[in-house]
Amino acid sequence: MPRLAGRLVSMRVLPLPAMLAIAAPLFAQTVCPPTPAYAPCDIVFELNEEEARAHPNPYMSVDLQAEMRSPRYRTIGLAAFWDGGRRLVLRLAPTEAGRWDFRVVSNIARFNGMQGNLEATASDSPGFLRPRNVHHWSYTEADRPHLWMGDTCYRFAFLEQDLFDRLVEARARQKFNHLRGSVIGFGDDAQKAFPSPDEPNPEHFRRLDQRILALNRKGITADLLLAGDENHLARVFPTWQQRKRYVRYLISRYAAMNITWQGVQEFEEYENGRQLLKEIGELLKKYDPYNHPRSTHTVATSAPLAADGWMNYRVYQSSDNPLGTIEHLLYGMPAVNSEFAYEDSGAGRTHAHHVDTDTFRKRLWNASMNGQYPVYGNTGTYTGKSGGVDVQYLDAPGARQMTVWFDFFSGTRFWDLEPYFDVDGGRALALPGIE
């Protein structure tokens, strides 16, 4: 069987008549090589001539789902995604070692009722990310804290391959473990990903598959924005049916990878943005079988959306210390500050939060004292709405300061630290009574 990027395994399920022709006991045969826990694995279905004629746009009309049952009888529901031509893919990340059984339900009669199994092997993966200790992070399979340190490259899906590779190498070396970017970019980028609202471009998403997997192999989580600002998602997908289909497509394609969901950029710039975020947030909560963290980007704070019930961490675009301080007391969920500042180390500035390196360093410290996990941005590498990565800024002073920040907090019990407000004339984190 071919391997994609070393880990993504393509598996082909035999057509039902062929399986029956071999022998009845093989109806539930193993259909892929042994796959490590938390590594994505594909089960591939191919439409035949008659089915392809009946479904000229499988993205719109083919329904193929499966229940995957773990060795400990935990059931995961998955939906297949269309991957171009006649190809449909069920993508699974087994969460424990052992035999996984599956049963298919589909409006393609030949696949409906098909059963099979796959073997998962033990791995050293800690699992996926989850909120923990009220304001902090850990993993699903290991009682190990996670020190979130992010970078921003909005158009990472559209960079030239060499630039993307250099970005990933630099950020991994600097100890970044998150990268934030948009699945469909901004403005006209969306036409490359979705030429029409009812048909994705499989080539774009196959390239994005490989980029997210490349990040994951370097220990970097992909923080996925579903669309840009200024009503972008609603312009690309005008109806709720189209948005639902898009969100479910992304879940089917990327939930088996190491990701978080970050809604849209600056939801406040949307017409009826809160309702739209509730719509897509509830879809993520309902259909993501791995329950990846969910929030949205914002002009200031996403915290007011917490009452809608779908969000489980806060995102900030603010260096306002009172805002962060007060909301830390009000909301029992982690906080990630994605734009307390972008460093201008020579590339130029176009917004008020584009600041010099010294100001960036001070804002980094203050965001940390508010109990927020920081996300870096550099005006030469964050890419904006049309720019690319200027490699001379990959090793900017602010990026090196982020590494120092990571090394410093790695030496503390950061997973227990909370803002401490009894310091006269200063700001601090503390574990009361201990440090």
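Evaluate the Kirkwood expression for the hydrodynamic radius of the stretch 246-307, namely the inverse of the mean inverse distance over all pairs of different C-alpha atoms, and round to one decimal in Å.
12.0 Å
How big is the Cα convex hull of the stretch 299-399 in projection, averaged over all directions, in nm²? Mind showing how you got there, number by number?
Details: hull surface 26.9 nm².
Over all viewing directions, the stretch 299-399 projects a mean Cα-hull area of 6.7 nm².
Between the stretch 366-416 and the stretch 125-179, what's the alpha-carbon centroid distance in Å?
12 Å
What Kirkwood Rh does the stretch 223-378 have if only Cα atoms enter the pairwise 1/r average? Answer in Å.
Its Kirkwood hydrodynamic radius stands at 16.2 Å.
Accessible surface of Asp229 in the full protein assembly, 1.4 angstrom probe, to the nearest 10 Å²?
Counting only protein heavy atoms, Asp229 exposes about 20 Å² to solvent.
Taking the Cα atoms only, what angle lies between the long axis of helix 357-369 and the longest principal axis of the chain, rounded to 10 degrees?
Here the helix axis deviates by roughly 70 degrees.
Using a 1.4 angstrom probe on the protein heavy atoms only, could you order Val299, Val62 from most to least accessible area? Please list the in-between numbers first.
Numbers: Val299 65, Val62 25 Å².
Most to least solvent-accessible, the answer reads Val299, Val62.
Please name which of Trp310, Ala214, Gln174 has its Cα lying farthest along the dipole of the chain towards the positive end, using unit charges on Cβ (Lys, Arg +1; Asp, Glu -1) and the Cα centre as origin.
Ala214
Give me the dipole magnitude in Debye, nearest 20, for the chain about the Cα centre, with unit charges on the beta carbon: positive for Lys and Arg, negative for Asp and Glu.
Its charge dipole is roughly 1080 debye.
Just want to confirm a number: the relative contact order over the chain, from Cα pairs under 8 angstrom separated by 6+ residues, in percent.
13 percent
Residues with beta-carbon under 9 Å from that of Ala120, excluding Ala120: net charge, scoring Lys, Arg +1 and Asp, Glu -1?
That sum, taken over residues with Cβ under 9 Å, equals -1.
Using only alpha carbon positions, build the gyration tensor of the chain, then give the equivalent ellipsoid semi-axes as the square roots of 5 times its eigenvalues, largest first, whole angstrom.
Output for the chain: semi-axes of 39, 24, 20 Å.
From the helices alone, meaning DSSP H stretches of at least four residues, give me the mean residue ellipticity at 222 nm for the chain, per-run term -39500 (n - 2.57), in deg cm²/dmol to the nearest 500.
Using -39500 (n - 2.57) per qualifying helix, the result is -8500 deg cm²/dmol.
Give me the angle, in degrees from 0 to 90, between the Cα long axis of helix 321-330 and the longest principal axis of the Cα atoms of the chain, rounded to the nearest 10.
50 degrees
The values are calculated or read from the model by the stated rules, or taken from the named source; none is laboratory data. These numbers come from a predicted model, not from an experiment. Here Cβ is always computed from backbone atoms with ideal geometry, including for glycine, and neighbour counts include all displayed protein chains. Side chains included, ligands, DNA and RNA excluded: accessible areas come from the protein's heavy atoms. Shrake-Rupley method; radii C 1.70, N 1.55, O 1.52, S 1.80 Å.
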